[in-house]
1. If r is the Cβ-Cβ distance from Ala182 to Thr160 and R0 is 35 Å, what FRET efficiency results, to the nearest 0.05?
2. On the protein heavy atoms, probe 1.4 angstrom, tell me the percent of accessible surface of the range 1-150 carried by carbon and sulfur.
3. Taking R0 as 45 Å, what FRET efficiency do you get between Lys212 and Thr62 from their Cβ-Cβ distance, rounded to the nearest 0.05?
4. Count charges around Glu112 for me, please; just the other residues with Cβ under 15 Å from its Cβ, Lys/Arg as +1, Asp/Glu as -1.
5. Under 17 Å between alpha carbons, and skipping anything fewer than 8 positions from Lys122 in its own chain: which aspartates and glutamates qualify?
6. Where Lys and Arg each count +1 and Asp and Glu each count -1, what net charge lies around Ala183 among other residues with Cβ under 12 Å from its Cβ?
7. What FRET efficiency comes out for Ala3 versus Thr37 if R0 is 25 angstrom and r is the Cβ-Cβ distance? Round to the nearest 0.05.
8. Summing Lys, Arg as +1 and Asp, Glu as -1, what charge do residues with Cβ under 15 Å from the Cβ of Leu94 carry, Leu94 excluded?
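The values are calculated or read from the model by the stated rules, or taken from the named source; none is laboratory data. In this text the structure is predicted, and so the values were computed from the model without any measurement. So basically every Cβ, Gly included, is an ideal-geometry build from the backbone, and we count neighbours across all protein chains shown. Ligands, DNA and RNA are stripped out before the accessible areas are found, and what is left, the full protein with its side chains, is counted by its heavy atoms. Shrake-Rupley method; radii C 1.70, N 1.55, O 1.52, S 1.80 Å.
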Amino acid sequence: MDAQDTSILDSGQRVGLVAADYPKELADFLPLQAANTDRAELVTAIEAQQQTQDTRTTPATTDKDDAREKMAQATATLSAKAVGYALATGQLGLKQAFTLSYADVRYGEATEDVNHVRDLVKAVAALPAQVRKDYRLSDAVIQAPADAAQLFEDAADDQTDAKAAPRLATLALPELLRRLSAALRLMETLLKGQRTDTDPAFQWPAFYAAFKEANKRRGLPKRAGKASAKTPSKPDGTV
């Protein structure tokens, strides 16, 4: 939220503290009580949305990065073993098909990399059992890149979900702030009408004064003063 938004929320919070000191007046004037209830609910809603808006996606991003690192390492290991078999048997076509480096997977196009990793896993898994045994292409070695690819996709989905909530909160906040501002204006208008009530059983003038002070917008830059309407003097003193 920007400074203007924050000042509205701060005013709503301060007014709540003031209103708590005048329960008798609120109970006596139901329209004011209803307006104050709206104010309190809106403050709570804005605080919740603000917290959501401030939610950091760092954990989800870290999980995604870690999963990609595991995928790159596991793929590099599988590729090296499979390429070793291709070179040892002089099958250059297989060498090319089995080549997928750490850098390719770690820093390349993510979606394409996942597909390439799974293609490599399928190709190696299709080798004869004896070949896989001779070249130490165990089930664990073959499966590791596939498992890491799935973790990477899951982490990417989690990251997308983590980013969605702050975006939704950002969209919701302007309307909530508008309604809070309206609720504060209504409370001020209602209190203004009561401020001259001299019934000694109530403290309407004090309530109004305290409200006015609490509802002041703070933390905002001062507006520039109105430009002087006086025609500036010329260097020789004439106008």
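1. After rounding, the FRET efficiency stands at 0.50.
2. 52 percent
3. Rounded to the nearest 0.05, the efficiency is 0.40.
4. Net charge around Glu112: -2.
5. Qualifying aspartates and glutamates at Cα under 17 Å: Glu112, Asp113, Asp139, Asp147.
6. Residues near Ala183 contribute +1 overall.
7. Efficiency computed from Cβ-Cβ geometry: 0.35.
8. After counting each charged neighbour, the total is +2.
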